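Engineer: Below is a structure I'd like to ask you about.
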Amino acid sequence: MENSKSLPQQFSLFETQNIQQAVEEVVSSDSPFSNYIVYVDESGDHGLQTIDPNYPVFVLAFCIFHKRYYSEQVVPALEKFKFNHFGHDHVVLHENEIRKEKGFFNFFRNREHKSAFLNELTSIIERSNFILVSCVIDKEALKTKSGDTSNPYHLALGFCLETLFEFLKEKKQDQKLTHVVVECRGDKEDNELELEFRRICDGENQLGTTLPFNIVFAKKQVNSSGLQLADLVARPIGLSVIRPDQQNRAYDILRRKFYCEGGRDKVGEQYENWGLKIYPPQESEKPR
């Protein structure tokens, strides 16, 4: 395959229509469903028995999309990206496989070709409008605090669902059903996750209220654009905590996606312990 820098742009990734109009247009008021859809992925192992010293965290990331914008802008952009680079769209963009150049991603001719590919993919993330809610579990600190009995996934899930509810209240969508899409991990893990999800939504949360969410399990083969974007953002969030002084272009972009205290006027600010939670809290972190 030719170096992507020299390829003519076969498909314009984003249409030029009024994006803000697409985001703000609501679905029928008669619909029982909210205007938003949520895609979830994780980075790192959620076990505490053996902790990888090179990546001692567990990250859960919620990517919240307005449905119309997602269907009319984000999905077509990713599909066009795949057609441009692979000639077909039966490619699942997976951060680990891209980084390690496995499967479909062993076609890079050199470092420059891979860099150009990653830059274009990063630009799609940058131009896509979505709200990011994430929790990073410091597994070493958690194990010291509570032994190895806690489940990092369940802890992170509680925080993210509570924050999602606050976002939907702000958008006046908290009285409608919102679907939360996660990737299948195996029957045992999926059953445990569904039980915990429903327990939290039934009122066992810090808000003390029922949460109008439903969980949807999706296999990787469904080739969900939302799940692929969630997969691509999770690891940069973890790296920003592990190596805060290391250059991290992806995270610099994600800062402006986090749900924050000040709303649109404060994007990129005041998101710590709001749209991004680190648990157990770091000493410098102010309580919410």
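Engineer: What shape does the chain take by its C-alpha gyration tensor, where a ≥ b ≥ c are the square roots of the eigenvalues and a/c under 1.5 counts as rounded, a/b above b/c as prolate, and the rest as oblate?
Structural biologist: Oblate is the answer for the chain, as a/c is 1.5 or above yet b/c matches or exceeds a/b.
Engineer: Hey, what do the phi angles of the stretch 79-87 turn into as Karplus ³J(HN,Hα) couplings, whole Hz, using 6.51/-1.76/1.60 and θ = phi - 60°, x for Gly and Pro?
Structural biologist: 5, 5, 4, 5, 4, 5, 9, 10, x
Engineer: Please list log₁₀ I(q)/I(0) at q = 0.17, 0.21, 0.22 Å⁻¹ for the stretch 179-288, using the Debye equation with identical point scatterers on the alpha-carbon positions.
Structural biologist: So the normalised log intensities work out to -1.14, -1.32, -1.31.
Engineer: Straight-line reach from Lys139: which lysines fall under 18 Å, measuring Cα to Cα and dropping same-chain residues less than 8 apart?
Structural biologist: Here the lysines satisfying the reach criterion relative to Lys139 are Lys277.
Engineer: Compare the peptides 89-98, 41-50 by average per-residue count of other Cβ atoms within 10 angstrom and give them in order, highest first.
Structural biologist: The most tightly packed comes first, giving 41-50, 89-98.
Engineer: Next question. Just flag the GluC sites (Glu not before Pro) in the stretch 185-288 sitting in loop per DSSP whose Cβ has no more than 14 other Cβ atoms within 10 Å.
Structural biologist: Glu204, Glu261, Glu269, Glu283, Glu285
Engineer: For Glu126 and His179, what does the FRET efficiency come to when R0 = 41 Å and r is the distance between their Cβ atoms, rounded to the nearest 0.05?
Structural biologist: According to the calculation, E is roughly 0.95.
Engineer: Students often forget the sequence filter, so: which aspartates and glutamates lie under 18 Å Cα-Cα from Lys172 once same-chain residues fewer than 8 apart are removed?
Structural biologist: Lys172 reaches Glu24, Glu25, Asp30, Glu162, Glu261.
Engineer: If you don't mind, another one. No solvent, one uniform scatterer per C-alpha: report log10 I(q)/I(0) for the stretch 75-121 via the Debye equation at q = 0.16, 0.24, 0.33 1/Å, two decimals.
Structural biologist: Those come out to -0.40, -0.93, -1.45, one per q.
Engineer: Take every DSSP beta bridge with both residues inside the chain and express the antiparallel ones as a percent of the total, to the nearest 5.
Structural biologist: 50 percent
Engineer: So what is the calculated 222 nm ellipticity per residue for the chain, using -39500 (n - 2.57) for each DSSP H run with n of 4 or more, over all residues, to the nearest 500 deg cm²/dmol?
Structural biologist: -11500 deg cm²/dmol
Engineer: Rounded, prolate or oblate: which fits the stretch 55-212, taking a ≥ b ≥ c as square roots of the Cα gyration tensor eigenvalues, rounded meaning a/c under 1.5, else prolate when a/b beats b/c?
Structural biologist: In terms of gyration-tensor shape, oblate.
Engineer: Let me ask something additional. Probe radius 1.4 Å, ligands and nucleic acids ignored: give me the carbon and sulfur share of the accessible area of the chain as a rounded percent.
Structural biologist: 47 percent
Engineer: Right, another one. Between Glu204 and Asn119, how many nm apart are label points set 7 Å from Cα along the C-beta direction?
Structural biologist: If labels sit at Glu204 and Asn119, their model points lie 5.0 nm apart.
Engineer: Mind ranking 243-255, 169-181 by how tightly packed they are, going by the mean number of other C-beta atoms within 10 angstrom, highest first?
Structural biologist: So the peptides 243-255, 169-181, ranked by packing, come out 169-181, 243-255.
Engineer: Quote the charge dipole size of the stretch 201-288 about the Cα centre in Debye, to the nearest 20; the model charges only the Cβ of Lys and Arg (+1) and of Asp and Glu (-1).
Structural biologist: Here the size comes out at about 380 debye.
Engineer: Hey, what did the chain get for relative contact order, percent, Cα under 8 Å, at least 6 apart?
Structural biologist: For the chain, the relative contact order is 26 percent.
The values are calculated or read from the model by the stated rules, or taken from the named source; none is laboratory data. Keep in mind that what you see is a predicted model, and the values were worked out from it rather than measured. A quick note on method: Cβ atoms are made from the backbone with ideal geometry, for glycine too, and the neighbour counts reach across all protein chains shown. Ligands, DNA and RNA are excluded from the accessible area calculation, which covers all protein heavy atoms including side chains. Shrake-Rupley method; radii C 1.70, N 1.55, O 1.52, S 1.80 Å.
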